[in-house]
1. Output the number of residues of region 251-281 satisfying the condition of being surrounded by 15 or more Cβ atoms within 10 Å (Cβ to Cβ), outside any helix (DSSP H, G or I) and either more than 18 Å from the chain's Cα centre (by Cα) or charged (D, E, K, R) (or both).
2. Among the listed residues PHE300, PHE294, identify the single one that is of a type outside the set (Gly, Ala, Ser), in contact (Cβ under 8 Å) with a residue 40 or more places away in the chain, closer than 29 Å to SER399 by Cα and in contact with a strand residue (DSSP E or B) (Cβ under 9 Å, 6 or more places away or on another chain).
3. Could you check, for region 317-328, whether at least one of its residues is more than 22 Å from GLU206 (Cβ to Cβ), of a type in the set (Lys, Arg) and either modelled with pLDDT under 95 or crowded, with 24+ Cβ neighbours inside 10 Å (or both)?
4. Please give the number of the condition ASN50 fails out of (1) in a helix (DSSP H, G or I); (2) over 20 Å from the mean Cα position of the chain (by Cα); (3) within 21 Å of ALA79 (Cα to Cα).
5. Does at least one position in region 259-277 carry a residue that is among the polar types (S, T, N, Q), out of contact with any Pro (no Cβ under 6 Å at 6 or more places or on another chain) and more than 20 Å from LYS115 (Cα to Cα)?
6. Determine the pairs where a residue that is more than 16 Å from ALA356 (Cα to Cα) and assigned to a loop (DSSP other than H, G, I, E, B), located within region 367-396, has a partner that is among the hydroxyl-bearing types (Ser, Thr, Tyr) and at pLDDT below 95 with Cβ atoms under 7 Å apart, the partner being 6 or more residues away or on another chain.
7. Since LEU101 meets every condition but one in (1) touching a strand residue (DSSP E or B) at 6+ places or on another chain (Cβ under 7 Å); (2) assigned to a helix (DSSP H, G or I); (3) farther than 21 Å from ASN146 by Cα; (4) not polar (S, T, N, Q), which condition does it not meet?
8. For VAL326, work out the one condition from (1) hydrophobic (A, V, I, L, M, F, W, C); (2) in a helix (DSSP H, G or I); (3) more than 16 Å from LYS118 (Cα to Cα) it doesn't fulfil.
Amino acid sequence: MSKRTIVALPGDGIGAVVLNEALRVLDASGFEADYEFGDIGWEFWCREGNPLPVRTLELIKKHKVALFGAITSKPNDEAKAELNPLLQGKGYTYSSPIVGLRQHFDLDICVRPCKSYKGNPLNFVRRGKEAQIEEPLVDVVIFRQNTECLYSGVEWTNPPAQVYQALMTHPKFVDNFSKVPVEELSISTRIFTRKATKRILLAAFEYARKYNYKSVTVCEKPNVVRETSGLMWKLAKEIQKNSFPEIKLLNTNIDAQMMWLTKNPEDYGVIVAGNMFGDIASDAFAGLIGGLGFACSAQFSADGIAVFEPTHGSAPKYAGYDVSIVNPVAMIESACMMLEYLGEDILSAEIRKAVADVIEEGKTRTYDMMKMAGKPEVINNGAASTSQMTDAIIEKLKSNRKNHE
């Protein structure tokens, strides 16, 4: 049987660093694969005017599964300034390659688990009765609709005449904006389709049933954003009633959810939201489990394309350090999600246990876990480097296996 081929996308900044650490762990676990490295990110924008080259899209289309590091995105004016001088003034416009990747392959389902590790000093704590300190277990999985909403890219500054005239057919636009000069208007559209909204809801309910979560929470704003958030809530009620009656359906507004997540995060299981609110909710819950250094994600299309990535950015200043200090756990966890997708549940569980054991022991901690500022000297002050954290996880993986022989 031939090895699987995984498309490895280092990207920018620390993306290449943490991807390499994840590959080390995968190799140590015994996972057998060939890796095809793809071009994506800022370097290719500056050099070619395209941060997501067609050759990379073809590579992903061929092999179906990709493990992705991180990319750098900058505002359009800054992007144009850094473009190859030979390409400037020729109509090139920068757009985020990860958003482009999602839209090209219709990676409409994004899954972002947020689960706390026992012994992580960055875990959320609160005061309970009689001022006792409580550390609730956070085990939340956020399903984010990944291709629509405000991230669809349908927007204008100084909208063209046909768009402006269409807006003028809405009485609230007439009442509030008709006197604003058209050149002073910037408009972004929030688009939900029934098909994509139903698909993300079904995925969330199916996941809750498969992994025994007791509730699915729709985290939107249907009392104000009535058409789009209202569509998601309406469909959620129909789906729950008809197909998942044993799963409790909850409804929280995004603003209220930001309050409740620091009061009773243990009460939530699966959360589903549109693109923008899902992004907000997943980062907020990630903060309860230690931050983006622990936040992994997966993105899926209906036709079998899957991309796995940490949710942190490229952090270019850290990439320039002589010794990398960044936390590799989010990238390693993303690799575990990939293993589960490929049916390698045992390998994934072994890696996750090794990560959990290292964190609980507390002998090896990256600078963020030690609550230090992210500066090169943290290594001299007891923080583990990126590679040292990976070494500890690999060593624990091996020792756990030896103990079970």
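The values are calculated or read from the model by the stated rules, or taken from the named source; none is laboratory data. Quick caveat: nothing in here was measured; it's all calculated off a predicted structure. Ideal geometry is used to build each Cβ from the backbone, glycine not excepted, and the neighbour counts take in all protein chains shown.
1. Matching residues across region 251-281 total 5.
2. That would be PHE294, the only listed residue that is of a type outside the set (Gly, Ala, Ser), in contact (Cβ under 8 Å) with a residue 40 or more places away in the chain, closer than 29 Å to SER399 by Cα and in contact with a strand residue (DSSP E or B) (Cβ under 9 Å, 6 or more places away or on another chain).
3. Looking through region 317-328, at least one residue is more than 22 Å from GLU206 (Cβ to Cβ), of a type in the set (Lys, Arg) and either modelled with pLDDT under 95 or crowded, with 24+ Cβ neighbours inside 10 Å (or both).
4. (1)
5. Yes.
6. Going by the 7 Å Cβ cut-off, the qualifying pairs are GLY374/TYR318.
7. (3)
8. (2)
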